[in-house]
Structures are given as structure tokens and as C-alpha cells.
Amino acid sequence: MVRRSSLLLDSARLETVQTKDTHSLTEAIGSTPLVKLKFDDCPIPIYGKCEFMNPTGSVKDRLAKALIQEGVTSGRLLPGGTIVEATAGNTGMGLAMMAASLGFKLVCVMPQKMSVDKRRSLEAMGAKVMIVPDAPLDSLDNFRQTADRLAAERGWFLADQFRSMANVSIHEAETGPEIWEDLAGNVGAFVAGVGTGGTITGVSRFLKAQNRDIQVILADPEGSSLAHWVRTGEYGLSSDYTVEGIGSSRASDILQRHAIDAAETVSDQESYAMAVELQRRHGLLVGGS
């Protein structure tokens with residue numbers, strides 16, 4: 001005979017499991033930890049924010065959540081609708097996760113240079129992937145131009161990560177405060193690369209509101225024009241580089257130059273060497289960007 005106390009305990013356990021199962025996947029986005037990095041020749045403590053601990057493995061999960069919430073709230077994204085976005089891969093993965101869980105369709109437009117693994121991952125999540133040439137921003141074949149055109153022609157919801165202020169707002173509201181709170185306000189500088197510019201702009205807006213002396217530094221691939229733009233206000237010559245997802249020949253509409261204090265140009269070789277060091281010395285499985 002089963003005692004009543006056992007039944008009550010089992011019922012409580014079941015209720016706990018059921019409660020956890022009903023949580024939205026979006027609740028797993030954000031609140032990523034900071035880890036202290038060990039560099040023998042650097043007397044200043046350096047922390048890495050583990051954005052790969054978001055559900056699909058990058059900071060872009062935050063952005064995907066914000067873009068879809070903005071689309072639904074504004075009424076431009078209707079139930080069962082199709083989302084289209086120009087992506088190097090990570091934003092696409094975040095959008096694919098959200099689309100699958102919320103019942104939307106997704107089309108991702110990607111440049112040819114993006115890895116086959118990213119394409120396969122997106123397709124595995126149910127997204128349709130369209131590959132276009134590695135064309136400059138002013139070309140009609142450019143991935144952003146293609147996404148814009150598809151949205152206009154077919155009535156799809158353009159997530160629009162390069163123009164949407166929701167991109168900036170989510171980092172000002174969440175990423176910046178997380179850094180500030182975890183370091184108890186002891187922040188000297190914030191360093192980031194730029195894809196859309198949402199992270200560096202949003203985090204800068206929050207941190208500088210707390211302490212305007214905090215330095216915000218752009219780490220830009222050698223071959224991108226953004227570092228020169230930060231330093232001079234003008235675009236320099238751009239050239240090919242292999243690091244994916246960051247850098248550009250032109251700043252996006254949401255990247256705010258006044259939010260950045262300085263820029264450092266980093267070669268592909270330096271990026272990949274640091275990625276290997278972080279993987280093998282610190283156990284952090286990160287990429288070149």
C-alpha cells in the first residue's frame with residue numbers, strides 16, 4: 001500500500017516538472033556569465049562574457065527575441081507569417097529557434113562565403129536558406145539588398161537587424177546592465193566587434209549613462225572600413241578578410257559613431273590565434289569574431 005505522504009511528494013515533483021516544461025524558450029536567453037581570462041602579460045583583469053551560453057550559441061539570440069517581439073507588437077508579423085532576414089548565420093539561428101517555437105516560417109539570405117555548417121544548421125532548424133554572391137553593399141546581389149527586395153515583393157516580415165532600433169534597445173536594457181551588475185560597476189572598458197552595431201551601441205549607451213569615463217573600443221577586422229570610420233568619420237578602402245559576421249565597408253543605420261571611443265584593427269591571423277588560445281587555455285569554444 002502506498003502511503004499518502006508518498007503520493008503528495010510525487011505530485012509535488014510532477015508539478016515542478018510540469019512548471020519547468022511550460023517555461024518559454026526565450027527565458028533561457030541572456031543572463032550569461034562573465035569569466036576572468038588569464039593573460040600573464042596583462043596586469044588589468046579582463047573578462048569575457050559567455051554569449052555562447054545562449055540557446056543557439058551566440059549573442060544574436062537576444063537580437064532575434066527583440067526583433068520578433070517588435071514585429072508581433074507592431075502588427076507587422078502575423079501568426080503563421082514568414083520572416084526574412086539577411087544574416088551571416090548567428091542571427092539566423094536565433095530567428096530559426098524563435099520561428100520554430102512560435103509557428104513562423106523563416107527565410108535566411110546568406111553571402112556565399114559563410115560556412116556550410118551554418119547553412120546546414122539553419123536548414124536543420126526548419127529555415128529556408130538562400131545563398132547569394134559575396135557582393136558589396138551597393139550591389140543588387142548583396143545579401144541585405146536581396147532580403148529587402150524579397151520582403152517588399154512577397155509581403156514577408158523583414159526582421160531588419162541592420163536598421164531596427166530594437167537591436168540597440170535590447171542590449172541597452174539587458175546586456176549592458178548584466179555587465180555592470182556582475183562587475184559591481186568596476187568597468188574600465190568594453191570591447192566588441194561590430195556586425196550590425198546593436199551590441200556595441202546599446203551596451204555603450206547603458207555603460208556611459210552610469211560612468212561616462214568608460215571607454216568603448218571597436219575591434220575591427222583588417223579589411224573592414226569601420227575602424228577608419230571611427231577614427232576619422234570617413235570610410236577607408238575595404239578588402240577581403242575571412243573572419244565571419246563582423247566588419248563592413250559601411251556602418252549600419254543603427255551603429256552610432258559617438259558611442260565608440262576608439263578602434264583597434266585586428267588581422268585574421270591574430271583573430272584565429274586568439275580563438276585557439278581561448279579554446280585550449282581557457283576552455284572557451286569561440287570563433288574568430
Inset, instruction - Mind telling me which of the residues Ala152, Ala166 ends up being of a type in the set (Gly, Ala, Ser) and within 27 Å of Leu34 (Cα to Cα)? - result: Ala166
Inset, instruction - Could you figure out which of (1) in contact (Cβ under 8 Å) with a residue 12 or more places away in the chain; (2) open to solvent by 50 Å² or more (accessible area, probe 1.4 Å); (3) not β-branched (Val, Ile, Thr) isn't true of Leu63? - result: (2)
Inset, instruction - Would you check if Thr201 is at pLDDT 95 or above and either surrounded by 14 or more Cβ atoms within 10 Å (Cβ to Cβ) or within 27 Å of Gly57 (Cα to Cα) (or both)? - result: yes
Inset, instruction - Take the range 163-180 and flag every residue that is in a helix (DSSP H, G or I) and in contact (Cβ under 8 Å) with a residue 40 or more places away in the chain. - result: Met165, Ala166, Asn167, Val168, Ser169, Ile170, His171, Glu174, Thr175, Glu178, Ile179
Inset, instruction - Mind listing just one residue for me: the one in the range 13-38 that is open to solvent by less than 80 Å² (accessible area, probe 1.4 Å) and touching an Asp or Glu at 6+ places or on another chain (Cβ under 9 Å) and, of those, modelled with the lowest pLDDT? - result: Thr26
Inset, instruction - Check whether at least one residue in the range 150-158 is over 20 Å from Thr242 (Cα atoms), acidic (Asp, Glu) and touching a residue at least 24 places away in the same chain (Cβ under 8 Å), and report yes or no. - result: no
Inset, instruction - Specify which of the listed residues (Asp240, Asp253, Asp220, Asp268) is open to solvent by 50 Å² or more (accessible area, probe 1.4 Å), among the charged types (D, E, K, R) and either more than 27 Å from Leu67 (Cβ to Cβ) or in contact with a strand residue (DSSP E or B) (Cβ under 7 Å, 6 or more places away or on another chain) (or both). - result: Asp240
Legend entry - Selection count where residues are touching a Ser or Thr at 6+ places or on another chain (Cβ under 9 Å) and open to solvent by 20 Å² or more (accessible area, probe 1.4 Å), scope the range 66-87: 2
Inset, instruction - Using the structure shown, decide if Val243 is more than 28 Å from Ser169 (Cβ to Cβ) and aliphatic (A, V, I, L, M). - result: no
Inset, instruction - Kindly indicate whether any position in the range 197-214 is among the basic types (Lys, Arg) and under 29 Å from Ser267 (Cα atoms). - result: yes
Legend entry - Where Val191 falls short, out of the listed (1) surrounded by fewer than 18 Cβ atoms within 10 Å (Cβ to Cβ); (2) more than 15 Å from the chain's Cα centre (by Cα); (3) closer than 22 Å to Val266 by Cβ: (2)
Legend entry - Any hit, the range 73-91, residues being out of contact with any His (no Cβ under 8 Å at 6 or more places or on another chain), among the acidic types (Asp, Glu) and touching a residue at least 60 places away in the same chain (Cβ under 8 Å): yes
Inset, instruction - Might you check whether a residue that is part of a helix (DSSP H, G or I), under 22 Å from Ala66 (Cβ atoms) and of a type in the set (A, V, I, L, M, F, W, C) occurs anywhere in the range 153-161? - result: no
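The values are calculated or read from the model by the stated rules, or taken from the named source; none is laboratory data. What you see is a predicted model, and the numbers here were worked out from it, not measured in a lab. All Cβ positions, even for glycine, are placed from backbone atoms using ideal geometry, and neighbour counts span all protein chains on display. For the accessible areas, the whole protein counts, side chains as well, though only heavy atoms, and no ligand, DNA or RNA atoms are used. Shrake-Rupley method; radii C 1.70, N 1.55, O 1.52, S 1.80 Å.
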